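Each remark here refers to the structure printed beneath this line.
The values are calculated or read from the model by the stated rules, or taken from the named source; none is laboratory data. Model, not experiment: these values are computed from the prediction. Heads up, the Cβs are rebuilt from the backbone with ideal geometry, glycines too, and the neighbour counts pull from every protein chain shown. Surface areas here come from the heavy atoms of the whole protein model, side chains and all, with no ligands, DNA or RNA. Shrake-Rupley method; radii C 1.70, N 1.55, O 1.52, S 1.80 Å.
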Amino acid sequence: QLGVLHLLAIRMAALNGRLDAAGERAEIAALCAAENTIRETLALRPEIRRAAEEIHTARDVFFIGRAIDYAVACEAALKLKEISYLHAEAIAAGELKHGTISLIEPGAPCVCFLTREETRSRALLSVQEVLSRGGRVYLFAARGLDAEPAPGLTVLRMPADAGSGAVYAAAVCLQLLAYETARRLGLPIDTPRNLAKSVTVA
């Protein structure tokens, strides 16, 4: 689904003049590299399992991101709620101070996604806001978007360069985080409660 939407967005951007020929080629190249990115991202599973071990007892889990990473955060919160039954909330990083910051207490887990260079500085400001209140941050960052080491910060480096291709790595990471958390809780991952989708019982 993500790939199809990516192709549609590339074509629409080219048609309305927002993407020149070189930009279109670069976006398609990023899309073509997604298969390898996904395969390499699976190698992060042991690190993600350790993160799940730490968050599975949390009362609340917060996900933050800016721009496209906010969409990733929304999907991550949905998936965690869906199969682990933990309360999870996605927040646009720029709006962290508008209410949600009051819920950050010592040890509160916060997962941040960072896939683009242009959002790095402001996203990391939000990370600092959480850390300064004693929260614990798990930062899923594309290559080259590292953060300075800090108490309470765990950086999980995704095997993808910053840009559109890194979203595919982030999508795999969020799925693995939800899966490993639910697995640690001993929950029925393939048949979550109260969830009605397209598969029905005959």
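For this structure, a couple of remarks:
- Solvent exposure ordering (accessible area, 1.4 Å, most first) of His98, His56: His98, His56
- The range 1-116, dipole about Cα centre (Lys/Arg Cβ +1, Asp/Glu Cβ -1), debye to the nearest 20: 120
- Asp161 long-range amide H proximity, modeled H, under 5 Å: Arg143
- For Val155, nonlocal amide neighbours, meaning residues 5 or more places apart or on other chains whose placed amide H falls under 5 Å from its own, are Leu139.
- Cβ-placed point charges (K, R +1; D, E -1), dipole of the range 121-202 about Cα centre in debye, nearest 20: 260
- Counting 0.36 nm for each residue step from Arg143 to Arg25 and taking away their Cα separation leaves a gain of 40.4 nm.
- Projecting the Cα atoms of Leu8, Thr119, Pro188 onto the charge dipole of the chain (Cβ charges, centred on the Cα centre) puts Pro188 farthest toward the positive pole.
- A crude spin-label estimate for the pair Glu118 and Arg50, with each label 7 Å from Cα along the Cβ direction, gives 3.4 nm.
- Summing charges over neighbours of Glu24, with a neighbour being any other residue whose Cβ is under 12 Å away from its Cβ, gives +1 when K and R count +1 and D and E count -1.
- Sequence-distant residues sharing a close amide H with Val111 (under 5 Å, placed H): Phe62, Phe63, Ile64, Tyr138
- Label of the coordinate-derived value, semi-axes √(5λ) of the Cα gyration tensor in Å, listed as (i) 27, 22, 16; (ii) 27, 24, 20; (iii) 39, 19, 12: (i)
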